[in-house]
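One structure is given here, and the rest of the page talks about it.
The values are calculated or read from the model by the stated rules, or taken from the named source; none is laboratory data. In this text the structure is predicted, and so the values were computed from the model without any measurement. So basically every Cβ, Gly included, is an ideal-geometry build from the backbone, and we count neighbours across all protein chains shown.
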Ligand code: HEC
Ligand code: HEC
C-alpha cells in the first residue's frame, strides 16, 4: 500500500517547492535553476486542473510579471515541514531518476525499447525515423495506430473537459470552447505520470509489467539512487516501485529547461532579440490571417494576456478529416476506424457520436523536427501538411483516393460523423474555389513553422532596444 504514499509525497514536495518560490521567481530575470525547479514543482501540484495556473508558472521562467503560486500550495508547504533545501533535493533526485528511466530500454519486455526510442530528445522528443507509427512489442514487430507526438510543451495542456471555458482573465468565460485538453491524441489521460503507464504496459509498445519494471530497477545502475529517493523498502512492492517509476518519469517531463525552454527564433523575435526573414514574416502573417491560413485560430501564436508565451495550440479536440493512412496494419481491416475521442483507444466516450473523428490540436513548437505528421502519421513533410490545409476542399483528389471517377473525401471518417468536421477557414471552401494559400504562400508558412524550433543561436547583439521594450 505504499503507492498512494509515494504520490502524496511527490505532490506535497512539489507544493512546498511552489510555495518556497512564491515571489522568488519574479525577482530575478533569467531562467535560473531555482526558478526552473519552482516552475516544475508548480506544474506538479495538480495544476493540470487549472491550465492557466501552469501557464503562469511557466511564464515565471521567462517573464517578470507572473502571479505567485496558489496559496493552497503555501499551506501545504507549511504542513510538510520540510526545508527549502530538502524539497529541492527531492525534486532534483526524482528528475535525475526520471531521466535515467526515460532512456532505459531494460524496462521494456523486449529489453530494446526505451521511452527515448520513440521520443528522441534530438527530435523534440518525437521519433528519429520517418515511420508513420513506431514498432514495438516483445518481437519489436508490432505497431500501434498512431504517430508518436512530441513531449515538449505539454505542461500547459489542461485536463480533458467536454466543455472547456477559459478563465475570465484569459478570455470570455461564457464561451464553450468544446472538448479540450488531456494527453495523447484523444485526450484520454490527464497527467504525465498516469500516461507513462500506457506505453510501459501496452503490448505493442514497451510490453512490460510492474514485476518486470521492478526487476529492471533493482538491477539498474541507479538502483541505489532509486532507494534513496523513494525509501529503502520501495522495491519490496512491485506496485509501489511501478508507481514511483511513473512519478519519476512524470517529474522529469516537467523539467522546464528540457521540455519547455522557449528558445526558438520566434521567442527571440517576440522578445525583440531577432528579426524574421521576409519569408518567415510573410508566413506568420498568412498563419494569423483569418481569410488565409487561419492557423492561429487553433494554433495560438500570440502571448496570452498574462504575458505567457504562446503554446501554438488551444488544446481543442477537432475533426479536420485527415485521410486514411492505408500503410498502417490496423487499416487493412476496411471496417476499422481510429475515431479519436469516441474510440476505440479511448473508451469513456464510446457511443457519443459528437466525439467521433476529433483529435487534440498539437503544439507546433519544434514541428520542423518531426518526420511524420497528424495522428496517423500520413504525411512526411510540412509542405504536404500545409497543402492539405490549403487545398483539402478545392482539390480533394490530391489527398483522398478516387474510385470510379469519384473522390472518396474524408475516407477515414464514416459519413454519419461528418457533421463533426470543422468548417471554418481554411475549411470553408468548395471544389473549384481558389486555394486558401498558393504554392509560394505554402512555402512561406513552412518557413515560419521552422522558426518554432528550440535552440535558436542567432539572437543578435544588434537587436533593436525599442522593439524589445515594446515586446516586453
Ligand atoms: C513504441 C513507441 C513509444 C514508446 C516506447 C513510448 N511512447 Fe509515448 N507515445 C507514443 C505514441 C504513439 C503516443 C500517442 C498515443 C495516443 O495518442 O494514443 C505517445 C504519447 C505520449 C505522451 C502524450 C503526449 C501528448 O501529446 O499528449 C506522453 C507524455 C508520452 N508518450 C510519454 C512516454 C513515456 C514516459 C514513455 C516511456 C515510459 C513513452 N512515452 C514510450 C509512442 C511511444
Ligand atoms: C480548426 C483548428 C485548426 C486549424 C484552423 C489549423 N489546425 Fe493544424 N491541427 C489541428 C488539429 C486538430 C491537428 C491534428 C489533426 C489530426 O491529426 O487528426 C492539427 C495538426 C497540425 C499539424 C501536424 C502536427 C503534428 O505534430 O503532427 C501541423 C503541422 C499543423 N496542424 C499546421 C497547421 C497550419 C499551418 C494551419 C494553417 C494553414 C493549421 N494547422 C490550421 C487543428 C487546426
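So that you can scan it fast, the table gives a plain yes or no per residue for (1) more than 12 Å from ligand 1 (Cβ to nearest atom); (2) more than 20 Å from residue 142 (Cα to Cα); (3) assigned by TED's automatic domain parsing to the domain that holds residue 151; (4) crowded, with 16+ Cβ neighbours inside 10 Å:
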| position | (1), (2), (3), (4) |
| --- | --- |
| 177 | yes, yes, yes, yes |
| 197 | no, no, yes, yes |
| 206 | no, no, yes, yes |
| 211 | yes, yes, yes, no |
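Would you pick out the residues in the stretch 299-317 that are within 15 Å of ligand 1 (Cβ to nearest atom) and out of contact with any strand residue (DSSP E or B) (no Cβ under 6 Å at 6 or more places or on another chain)?
Selection gives 299, 311, 312, 313, 314.
Restricting attention to the stretch 391-418, which residues are touching a helix residue (DSSP H, G or I) at 6+ places or on another chain (Cβ under 7 Å) and either crowded, with 17+ Cβ neighbours inside 10 Å or not assigned by TED's automatic domain parsing to the domain that holds residue 379 (or both)?
Passing the criteria: 391, 399, 409, 410, 417.
For residues in the stretch 287-298 being surrounded by fewer than 22 Cβ atoms within 10 Å (Cβ to Cβ) and in contact (Cβ under 8 Å) with a residue 40 or more places away in the chain, which is nearest to ligand 1 (Cβ to nearest atom)?
Applying the filter and picking the extreme gives 298.
Inspect the stretch 122-133 for any residue being assigned to a helix (DSSP H, G or I) and surrounded by fewer than 16 Cβ atoms within 10 Å (Cβ to Cβ) and give the result as yes or no.
For the stretch 122-133, residues assigned to a helix (DSSP H, G or I) and surrounded by fewer than 16 Cβ atoms within 10 Å (Cβ to Cβ): present.
As an exercise: evaluate residue 440 against (1) part of a loop (DSSP other than H, G, I, E, B); (2) more than 26 Å from the chain's Cα centre (by Cα); (3) at pLDDT 95 or above and give the number of the one condition it does not meet.
Against the list (1) part of a loop (DSSP other than H, G, I, E, B); (2) more than 26 Å from the chain's Cα centre (by Cα); (3) at pLDDT 95 or above, residue 440 comes up short only on (1).
Return yes or no: is residue 154 surrounded by 19 or more Cβ atoms within 10 Å (Cβ to Cβ), not assigned by TED's automatic domain parsing to the domain that holds residue 300 and not in a helix (DSSP H, G or I)?
Taking the combined requirement at face value, the residue satisfies it.
Among residues belonging to the stretch 182-229 that are in a loop (DSSP other than H, G, I, E, B) and under 14 Å from the mean Cα position of the chain (by Cα), point out the one that is nearest to ligand 2 (Cβ to nearest atom). Break it down into steps so the answer makes sense when it comes.
Going residue by residue through the stretch 182-229, those that are in a loop (DSSP other than H, G, I, E, B) are 182, 184-188, 190-191, 202-209, 220-222.
Then drop every residue that is not under 14 Å from the mean Cα position of the chain (by Cα), which leaves 182, 184-188, 190-191.
Numbers: 182: 13, 184: 12, 185: 7, 186: 10, 187: 11, 188: 15, 190: 19, 191: 21 Å.
By that ranking, first place goes to 185.
Report yes if some residue within the stretch 333-341 is away from ligand 1 (no atom under 16 Å from the Cβ) and farther than 22 Å from residue 131 by Cα; otherwise report no. First the steps, then the outcome.
Pass one, the stretch 333-341, residues away from ligand 1 (no atom under 16 Å from the Cβ): 333-335.
Still in the list and also farther than 22 Å from residue 131 by Cα: 335.
Yes, some residue in the stretch 333-341 is away from ligand 1 (no atom under 16 Å from the Cβ) and farther than 22 Å from residue 131 by Cα.
Which residues, taken from the stretch 350-374, are over 19 Å from residue 401 (Cβ atoms), in a loop (DSSP other than H, G, I, E, B) and touching a residue at least 12 places away in the same chain (Cβ under 8 Å)?
Listed by number, the residues that qualify are 356, 361, 362, 363, 364, 365, 366, 370, 371, 372.
Read through the list (1) within 22 Å of the chain's Cα centre (by Cα); (2) within 16 Å of ligand 1 (Cβ to nearest atom), then give the number of the only condition that residue 382 fails.
Only one criterion in (1) within 22 Å of the chain's Cα centre (by Cα); (2) within 16 Å of ligand 1 (Cβ to nearest atom) is unmet by residue 382, namely (2).
I need the full set of residues from the stretch 232-253 which are closer than 19 Å to residue 86 by Cβ and either in a helix (DSSP H, G or I) or modelled with pLDDT of 95 or more (or both), in order please.
Residues satisfying the conditions are 234, 244, 247, 248, 251.
Please work out which one of (1) surrounded by 23 or more Cβ atoms within 10 Å (Cβ to Cβ); (2) not in a helix (DSSP H, G or I) is the condition residue 261 fails and give its number.
(1)
Among the residues of the stretch 134-151, which ones are in a loop (DSSP other than H, G, I, E, B) and away from ligand 2 (no atom under 15 Å from the Cβ)?
Residues of the stretch 134-151 in a loop (DSSP other than H, G, I, E, B): 134, 137-141, 144-151.
Hits for the stretch 134-151 are 137, 138, 139, 140, 141.
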